[in-house]
Amino acid sequence: MTKIWRTEISLVAVTERAKNTMSDHLGIEFIEIGEDFLAARMPINHQTKQPLGIMHGGASCVLAETVGSTAAQFCVDQTQYYCVGLDINTNHIRAVREGHVTAVAKPFHLGKSTQVWSIEIKNAEDKLVSVNRLTMAVLKR
């Protein structure tokens, strides 16, 4: 396993970066950093449900893009580069009505101009809720 981080990363740093953003508003919490992944969780509540009482597909996309794009930022030298989203694709597999979901972002590709990320979202029983692919552009400051 190769360490992917190019900028020093910590739960404090990623949490601070998310303050006063949509992810903060939805209660997304970063919970774990590994050598090749970043994980976050999100509550399923009135802010993240759709009218049928299940997790809103858009909330799933927000969680996936939040954890993937945050990870992407720490895979570049932030003094020289920054990353922005180009594309996200989400396949919804299972509905969630309550509790929390957890997203884990791992890179497929970390290139000089693009990054491609896999983000799996699972429920409290560790069952797959959605699979997501996020493409990021790497831009020079």
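No value in this document is a laboratory result; all are computed from the given coordinates. Note that the structure is predicted; figures quoted are calculated from it, not measured. FYI the Cβ positions are ideal-geometry reconstructions off the backbone, even for glycines, and counts take in every protein chain you see.
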Taking a ≥ b ≥ c as the square roots of the Cα gyration tensor eigenvalues, with a/c under 1.5 meaning rounded and otherwise prolate when a/b beats b/c or oblate if not, the range 1-75 comes out prolate
Going highest first, how would you order 92-101, 7-16 by mean Cβ packing within 10 Å? 92-101, 7-16
Below 8 Å, C-alpha to C-alpha, sequence gap of six or more: please give me the relative contact order for the range 11-140 in percent. 25 percent
Among LEU128, LEU86, LEU52, residue whose mean-square fluctuation peaks in a GNM of the chain (springs only between Cα atoms under 10 Å): LEU52
Using the structure shown, list the pairs from LYS3/LYS112; LYS19/LYS112; LYS112/LYS140; LYS3/LYS122 with a Cα-Cα distance above 19 Å, or answer none. LYS19/LYS112; LYS3/LYS122
Computed over the chain: longest principal axis from alpha-carbon atoms vs helix 57-73 long axis, angle to nearest 10 degrees, is 20 degrees
Along the range 7-14, what does the Karplus equation 6.51 cos²θ - 1.76 cosθ + 1.60 (θ = phi - 60°) give for ³J(HN,Hα), rounded to whole Hz, x for Gly and Pro? 10, 4, 10, 8, 5, 5, 5, 6
222 nm [θ] for the chain, helices only, -39500 (n - 2.57) per DSSP H run of 4+, per residue, to 500? -6000 deg cm²/dmol
Can you tell which of THR48, THR79, THR66 shows the greatest fluctuation in a Gaussian network model of the chain with Cα springs below 10 Å? THR79
